[in-house]
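The values are calculated or read from the model by the stated rules, or taken from the named source; none is laboratory data. Computed from a prediction, not measured in an experiment: that's the story for all the values here. Every residue, glycine as well, gets a Cβ built from its backbone with ideal geometry; the counts of neighbours run over all protein chains shown.
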Amino acid sequence: MFDFFRLARYRITISAGRRGLSLPPYKGSVFLGNFGSVFRRAVCSRRLDDCGNCRLKEDCPYAYVFETSPPADAEALRNYENIPRPFVIEPPAETKTEFEPGEKLDFHLLLIGRAIEFLPYFIVVFREMGEAGLGRGRRPFEVEEIVALGLDRQELLYTRLTNTFRSVDLHYTGAKVAAKHPAKASRIHVIFETPVNLKNKGKMAPRPHFHVFFRQAMRRISALSYFHHGRPLEADYAGLAERARRIELVEDYTVVMDIERYSRRQERRIPMGGLVGSVTYRGPLDEFLPWLALGEHVHVGKNTVFGMGKYRLLFPDSRPFWPCHDRH
């Protein structure tokens, strides 16, 4: 089903500049304020306030990544308020906030569909953000290296020591992701690693019932397919959503993690928390597993673009799988 759904993952290692770095416990929020503005400044040649009136919009990386427009004749998903952006920045899991000069930390960048071809622009933006500064006091950092992470191997793309880039394609498909997981299960554990904000009837769901969790994952994957791969997924959406109600939530060890970010545009602090912890589901899960396996990579819920909604599947008596993240 997901054989055309393409993903590419990269590990970006940065080092604190001579003033060190002061970052919040959840580091995805440090990109919320200026990642888009730096991206626009780096690639926009016309400097217009509104991309909608730009004659270069169709070929502009910024307009595509941040202001994706539905096709003129689009009928499917036309009621989407926000078209999902085709990238995810995953921050380090550690909650440490102060970093000494030269100290290193890793972020992961996931590109989805057509966005994979725009990798060079993302690299330029990370380097420019290093010069502009990050976190409290806008302290500079250096991009030390960038590594492409395939499902079974990894390749070095860039290192600051040589200041050279290699062209390496280790993209993988959603079908290959699904094939790495068991095809059958009657019980699964799900670990919510970063805050998962699941909406049900317009409000944050207080408990992660399976039908709410699955609908959010299915909706996100179908939108990423339609808007960033140029084709809809052929699936029985109504039937899947209805049958998802049969899956039981048998264990719920989640708590609400509150995170705030400051919006300069709105001049106020904005909550962006969600559920973290673990849950166990039980029931006839087979038909849902490929969706959940792909959702592991693309995240689920709100604010996914900056690392929220990351979860991991665990199968009883099965070793968990993830792409080639190890350095050794």
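Rundown of residues vs (1) touching a Pro at 6+ places or on another chain (Cβ under 9 Å); (2) at pLDDT below 95; (3) assigned by TED's automatic domain parsing to the domain that holds Phe118, yes/no style:
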residue: Leu161; (1), (2), (3): no, yes, yes
residue: Thr164; (1), (2), (3): no, yes, yes
residue: Ser167; (1), (2), (3): no, yes, yes
residue: Pro182; (1), (2), (3): no, yes, no
residue: Ile188; (1), (2), (3): yes, no, no
residue: Phe192; (1), (2), (3): yes, no, no
residue: Pro195; (1), (2), (3): no, yes, no
residue: Lys199; (1), (2), (3): no, yes, no
residue: Gly202; (1), (2), (3): no, yes, no
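Does Phe5 satisfy the condition of being modelled with pLDDT of 75 or more, more than 14 Å from Phe122 (Cβ to Cβ) and of a type in the set (Phe, Trp, Tyr)?
yes
For Phe122, which of the numbered conditions (1) assigned to a loop (DSSP other than H, G, I, E, B); (2) under 25 Å from Tyr226 (Cβ atoms); (3) at pLDDT 75 or above fails to hold?
Exception for Phe122: condition (1).
Filter the range 142-167 down to residues that are β-branched (Val, Ile, Thr) and within 15 Å of Leu109 (Cα to Cα), then give me how many there are.
Counting residues in the range 142-167 that are β-branched (Val, Ile, Thr) and within 15 Å of Leu109 (Cα to Cα) gives 3.
Tally up the residues in the range 15-37 that are of a type in the set (A, V, I, L, M) and within 19 Å of the chain's Cα centre (by Cα), please.
The qualifying residues number 2.
Given the condition closer than 23 Å to Glu94 by Cβ and either modelled with pLDDT of 95 or more or not in a helix (DSSP H, G or I) (or both), answer yes or no: does some residue in the range 281-294 qualify?
Scanning the range 281-294 turns up no residue that is closer than 23 Å to Glu94 by Cβ and either modelled with pLDDT of 95 or more or not in a helix (DSSP H, G or I) (or both).
So how many residues does the range 158-201 have that are touching a strand residue (DSSP E or B) at 6+ places or on another chain (Cβ under 6 Å), within 24 Å of Ile112 (Cα to Cα) and not in a strand (DSSP E or B)?
Qualifying residue count for the region: 5.
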